Amino acid sequence: MFGNLFKKDEVKHETPNQWIKCPKCNSLMYYKEVEAQQNVCPKCNHHFRINAEKRIASIVDEGSFVEHDSTLAPVDPLKFSDKKSYKKRLEEAKAKTGKTSSVMSGSCTVEGTPVELVVFDFAFMGGSLGSVEGEKIVRAVDRAIEKECGVIIVSASGGARMQESTYSLLQMSKTSAALNRLHHKGLPFISILTDPTMGGVSASFAMLGDIIMAEPGALIGFAGQRVIKQTVGVDLPEGFQRSEFLLEHGLIDMIVNRGDMHHTLADLLALFTKDASVVNRPVPKRRKTDFESDVEPLNEDA
Ligand SMILES: [Zn+2]
C-alpha cells in the first residue's frame, strides 16, 4: 500500500563502495562515512533506514543478543495472489534479506539490564505485519513476563500485510492483548518508531508503549498523506506525520538520535525494572461499568 512512497530513502547496502546522496540535504557523501555514523547524515542528521541487524547492533550490549524463533515462516492459507502470488513474494523477500519474516526477535541486555527485543526490517515486504510477525512479538512478550523484564519493539513498517488479509489484522489485537498482560505485571514496554511506522502497526502495539520514542524525521501515521488530503480536501500542515510534529502534538514522548538510543534505553530500563517491588504485583480488578455501583479502587491489594 505504501511501497512506492518509501523507496527513495534506503541506503543501498549492496553497493558499499559507492557515493550516496542524502535525500534531505542533497549532500553527496562516501557511503563508508555515513555508515561509520550509524547511517546518519553527518551534515544534516538525516536518519537513513537501516536493516534489523544494524538496528540490533546499535541498541544491545555487544555479543548479548540471542535470537529466538528465527525459523518461523509464513504459510499462505488464502492462496493469495495479486500481480504476483504471495508465495512468490515471500521467496523474493527471503532471497533479498535472508529472512523468513519482517521481524527479528531475541533476548539481550542493554547496559546490563535484560530485555526482550523485537526489530522490524523494512526490506522484508515493507516491514509488514503478518501472522508470523505477530506470533514473534507475542512470544517475546511471554518471555519477558517469564523473565520479569521489559520489552522493546523497534517498528519500521508500512502496516498490515494485505496478502494475509484478516489473519494479518488479527495480529493487531493479539499483540495488544499480550502487551496488556505485560502491563498488568508492571513490566515496561518501550516502543521505538522509525521511518516509516504506518497503518496497522501504528494503530496497534507501536502506540501502546509506556514510553514511545521516535527517531528524528520519521514518517509516523495511519493512512498516507495523499489519502488524508483527498478525504478532508485541505492542505495538510508542514511536517505533518513526522516525529517532530507528533511530539509537538503529544502523540510521542521523545525524539532520540540513533547515536543516543543505547544510553537512553539503558537509563529507562534501569528506571523501570531495577526495583524488584514493581514486578509480580497483582493484576488490577476489573473496573465496574457505569451501570454497576460502588466502583472499587484499582490495586486494592497492592
Ligand atoms: Zn543530509
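What follows draws every value from the coordinates through simple rules; no lab data is involved. All of these numbers come straight from a predicted model, not from anything done at the bench. Methodologically, a virtual Cβ is constructed for each residue, glycine included, from the backbone with ideal geometry; neighbour enumeration extends over all protein chains shown.
For the reader, a short list of remarks on this structure follows.
- Dipole magnitude of segment 49-275 about its Cα centre (Cβ charges: Lys, Arg +1; Asp, Glu -1), debye to nearest 20: 1040 debye
- Per-residue Cβ neighbour counts within 10 Å put 50, 211 in the sequence 211, 50, beginning with the fewest.
- Here the 3J(HN,Hα) profile of segment 105-121, calculated from phi with Karplus coefficients 6.51, -1.76 and 1.60 at θ = phi - 60°, is 9, x, 9, 7, 10, 10, 6, x, 8, x, 7, 9, 10, 10, 10, 7, 10 Hz, Gly and Pro shown as x.
- Segment residue 33-residue 226, extension gain: residue separation times 0.36 nm, minus the distance between their alpha carbons: 66.0 nm
- The relative contact order of segment 49-275 comes to 17 percent, based on Cα pairs under 8 Å that sit 6 or more residues apart.
- Residues with amide H under 5 Å from that of residue 217, placed H, sequence gap 5 or more: 243, 244
- Interchain or long-range residues, amide H under 5 Å from residue 157's placed H: 197, 198
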